[in-house]
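Here is the structure we will look at, set down as structure tokens.
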Amino acid sequence: MRLFKIKKSKIDKNGLYANCDIKKGTKIIQYKGKIISVKKSAEDPKFDNGKAIYLFNINKRFDLDGDFKFNTARLINHSCNPNCEVLGKGLKIWVYAIKNIKKGDELSYDYGFSFDEEFRNYPCRCGAKNCAKFIIREGSRWRIKKSKLYKSHK
Ligand SMILES: C[S@@+](CC[C@H](N)C(=O)[O-])C[C@H]1O[C@@H](n2cnc3c(N)ncnc32)[C@H](O)[C@@H]1O
Ligand SMILES: [Zn+2]
């Protein structure tokens, strides 16, 4: 049985949803893409904000560009309380369950965005109780908690 299906998401446009109960540790879906040289990704304006969610580094010379229709995993939205993580090396990048996931739950992972002057451009609509209001990796969220902007979003 397929572990996931595409559905309209409350977070953003479409998302991936569990099609059955999924146990913690399960390899859910491969993150697929095309190899692109680091030189090219550095020059391409498409990747010009350091928050290129579709780009994974493979090694010093190559990145994996996941911005393709065939990469269904690209539809997974960010959550501040995610139930998945993306792990892997080289071309073997997979989305894993980091919790037991119930049928019908939306799959999500932490996009890992860093805290910088652009954080305001990425408001988060994940709806989790601990939502940081902006898409920022877990380890950096404390940095925005004191900012005025964060308080006005509360
Ligand atoms: C990789 S796409 C995810 C799939 C997207 N929902 C779609 O249907 O194409 C990433 C984009 O989804 C949106 N997104 C993902 N998670 C979000 C969140 N927690 N809050 C707000 N927007 C989110 C942002 O616009 C982000 O640039
Ligand atoms: Zn959030």
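The values are calculated or read from the model by the stated rules, or taken from the named source; none is laboratory data. Since we're looking at a predicted model, the values are computed, not measured. Here the Cβ positions follow ideal geometry from the backbone for every residue, glycine too, while neighbour counts run over all protein chains shown.
Tabulated results
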{"read-out": "Within segment 18-35, tally of residues that are surrounded by fewer than 18 Cβ atoms within 10 Å (Cβ to Cβ) and in a strand (DSSP E or B)", "value": "4"}
{"read-out": "Residue that is nearest to ASP67 (Cα to Cα), among those in segment 14-54 that are within 16 Å of ligand 2 (Cβ to nearest atom) and of a type outside the set (Gly, Ala, Ser)", "value": "ILE53"}
{"read-out": "Residue match in segment 84-91 (condition: farther than 16 Å from LEU16 by Cα, in contact (Cβ under 8 Å) with a residue 40 or more places away in the chain, in contact with a strand residue (DSSP E or B) (Cβ under 6 Å, 6 or more places away or on another chain) and buried (at least 16 other Cβ atoms within 10 Å of the Cβ))", "value": "yes"}
{"read-out": "From the options ASP63, ASP67, ASP48, residue that is more than 15 Å from GLU106 (Cα to Cα) and surrounded by 17 or more Cβ atoms within 10 Å (Cβ to Cβ)", "value": "ASP63"}
{"read-out": "Residue that is surrounded by the fewest Cβ atoms within 10 Å (Cβ to Cβ) [pool: residues in segment 120-148 that are more than 12 Å from ligand 2 (Cβ to nearest atom) and assigned to a helix (DSSP H, G or I)]", "value": "LYS148"}
{"read-out": "Of residues in segment 36-83 being assigned to a strand (DSSP E or B) and aromatic (Phe, Trp, Tyr), the one farthest from GLU118 (Cα to Cα)", "value": "PHE62"}
{"read-out": "Any hit, segment 31-43, residues being at pLDDT below 90 and under 27 Å from ALA132 (Cα atoms)", "value": "no"}
{"read-out": "Verdict on LEU107 being within 30 Å of ASN59 (Cβ to Cβ), surrounded by fewer than 16 Cβ atoms within 10 Å (Cβ to Cβ) and touching a residue at least 12 places away in the same chain (Cβ under 8 Å)", "value": "no"}
{"read-out": "From the options ILE76, ILE101, residue that is within 13 Å of ligand 1 (Cβ to nearest atom) and aliphatic (A, V, I, L, M)", "value": "ILE76"}
{"read-out": "Test: residue in segment 84-100 that is at pLDDT 95 or above, more than 17 Å from the chain's Cα centre (by Cα) and not acidic (Asp, Glu)", "value": "yes"}
{"read-out": "Filtered residues of segment 84-111 (kept if farther than 16 Å from LYS7 by Cα, within 16 Å of ligand 2 (Cβ to nearest atom) and assigned to a strand (DSSP E or B))", "value": "CYS84, GLU85, TYR109"}
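Let's see how each residue does on (1) closer than 15 Å to LEU16 by Cβ; (2) in contact with a Pro (Cβ under 9 Å, 6 or more places away or on another chain); (3) touching a residue at least 60 places away in the same chain (Cβ under 8 Å):
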{"residue": "ASP65", "(1), (2), (3)": "no, no, no"}
{"residue": "THR72", "(1), (2), (3)": "yes, no, yes"}
{"residue": "ASN77", "(1), (2), (3)": "yes, no, yes"}
{"residue": "PRO82", "(1), (2), (3)": "yes, no, no"}
{"residue": "ILE93", "(1), (2), (3)": "no, no, yes"}
{"residue": "ASN100", "(1), (2), (3)": "no, no, yes"}
{"residue": "TYR122", "(1), (2), (3)": "no, no, yes"}
{"residue": "CYS126", "(1), (2), (3)": "yes, yes, yes"}
